[in-house]
1. Regarding THR23, is this residue touching a strand residue (DSSP E or B) at 6+ places or on another chain (Cβ under 6 Å), β-branched (Val, Ile, Thr) and modelled with pLDDT under 90?
2. Please go through the range 18-48 and pick out each residue that is closer than 19 Å to VAL106 by Cβ, of a type in the set (Lys, Arg) and surrounded by 12 or more Cβ atoms within 10 Å (Cβ to Cβ).
3. So in the range 60-80, with the set limited to residues that are hydrophobic (A, V, I, L, M, F, W, C) and not in a helix (DSSP H, G or I), which one is farthest from the chain's Cα centre (by Cα)?
4. Quick one: in the range 56-71, which of the residues that are of a type in the set (A, V, I, L, M) and crowded, with 19+ Cβ neighbours inside 10 Å is farthest from ARG27 (Cα to Cα)?
5. If you check ILE51 against the conditions, is it surrounded by fewer than 17 Cβ atoms within 10 Å (Cβ to Cβ), touching a strand residue (DSSP E or B) at 6+ places or on another chain (Cβ under 9 Å) and either within 16 Å of LYS98 (Cβ to Cβ) or among the aliphatic types (A, V, I, L, M) (or both)?
6. Could you list, in sequence order, all residues of the range 22-59 that are charged (D, E, K, R) and touching a His at 6+ places or on another chain (Cβ under 9 Å)?
7. Can you pull out the residues in the range 62-106 that are of a type in the set (A, V, I, L, M, F, W, C) and touching a His at 6+ places or on another chain (Cβ under 9 Å)?
8. Which residue pairs have Cβ atoms closer than 6 Å, lie 6 or more positions apart in sequence or on different chains, and pair a first residue in the range 72-100 that is crowded, with 17+ Cβ neighbours inside 10 Å with a second residue that is of a type in the set (S, T, N, Q)?
Amino acid sequence: MTDQSTIIPFQNAARKGLAQHSTFFERGEFEAILNIYGKMVASGYWKDYAISGSRDMATFAVHQKASERPVFRITKTPALRNKQGAYAIHSSQGQILKRGHELAQVLKYFEKKLIKLVQ
């Protein structure tokens with residue numbers, strides 16, 4: 001049997017400050033990311049994705065195969081909002097490929113990959 005004094009009901013956790021605030025993508029941001037994801041899947045570049053949210057950062061990771069590490073990571077870090085910009089694209093090695101204050105501008109990085117030469 002457990003000791004009832006150590007159990008904290010979920011509804012009381014937020015009032016006591018015990019609940020952690022998670023950073024995640026808002027609906028409009030998530031729609032923009034999924035829009036470019038759908039285009040890249042249709043082009044055959046990307047196959048799978050993973051989403052994670054933590055206290056400091058939200059991440060949308062893109063994979064060519066589910067068993068490999070992510071090819072790109074799209075991150076939102078609100079702490080950098082007033083500095084370099086909250087949004088960034090990271091390569092598989094961790095390099096920052098593009099960073100900015102607006103997600104739409106950052107996601108334009110992927111549009112050059114969608115252009116195909118037609119003969």
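1. Working: touching a strand residue (DSSP E or B) at 6+ places or on another chain (Cβ under 6 Å): yes; β-branched (Val, Ile, Thr): yes; modelled with pLDDT under 90: yes.
The answer is yes for THR23.
2. Answer for the range 18-48, where residues must be closer than 19 Å to VAL106 by Cβ, of a type in the set (Lys, Arg) and surrounded by 12 or more Cβ atoms within 10 Å (Cβ to Cβ): just LYS39.
3. Residues of the range 60-80 that are hydrophobic (A, V, I, L, M, F, W, C), as a first pass: 60-62, 66, 71-72, 74, 79-80.
Add one more test, that the residue is not in a helix (DSSP H, G or I), and what stays is 60-62, 66, 71-72, 74.
On the way: PHE60: 3, ALA61: 6, VAL62: 9, ALA66: 16, VAL71: 13, PHE72: 10, ILE74: 5 Å.
It comes out as ALA66.
4. Our first condition is that a residue be of a type in the set (A, V, I, L, M); within the range 56-71, this holds for 57-58, 61-62, 66, 71.
The next check asks that each one be crowded, with 19+ Cβ neighbours inside 10 Å; those that pass are 57-58, 62.
On the way: MET57: 16, ALA58: 13, VAL62: 19 Å.
Out of the qualifying residues, it is VAL62.
5. Working: surrounded by fewer than 17 Cβ atoms within 10 Å (Cβ to Cβ): yes; touching a strand residue (DSSP E or B) at 6+ places or on another chain (Cβ under 9 Å): yes; either within 16 Å of LYS98 (Cβ to Cβ) or among the aliphatic types (A, V, I, L, M) (or both): yes.
Here the answer is yes, as ILE51 does meet what is asked.
6. So in the range 22-59, the residues charged (D, E, K, R) come out as 26-27, 29, 31, 39, 47-48, 55-56.
The answer is LYS47, ASP48, ARG55.
7. First, the residues of the range 62-106 that are of a type in the set (A, V, I, L, M, F, W, C): 62, 66, 71-72, 74, 79-80, 86, 88-89, 96-97, 103-104, 106.
Listed by number, the residues that qualify are VAL71, PHE72, ILE74, ALA86, ILE96, LEU97.
8. Taking only residues 6 or more apart or on different chains, the pairs are ARG73/THR59; THR75/THR59; ALA86/THR77; ALA88/THR75; ARG99/GLN84.
The values are calculated or read from the model by the stated rules, or taken from the named source; none is laboratory data. Model, not experiment: these values are computed from the prediction. FYI the Cβ positions are ideal-geometry reconstructions off the backbone, even for glycines, and counts take in every protein chain you see.
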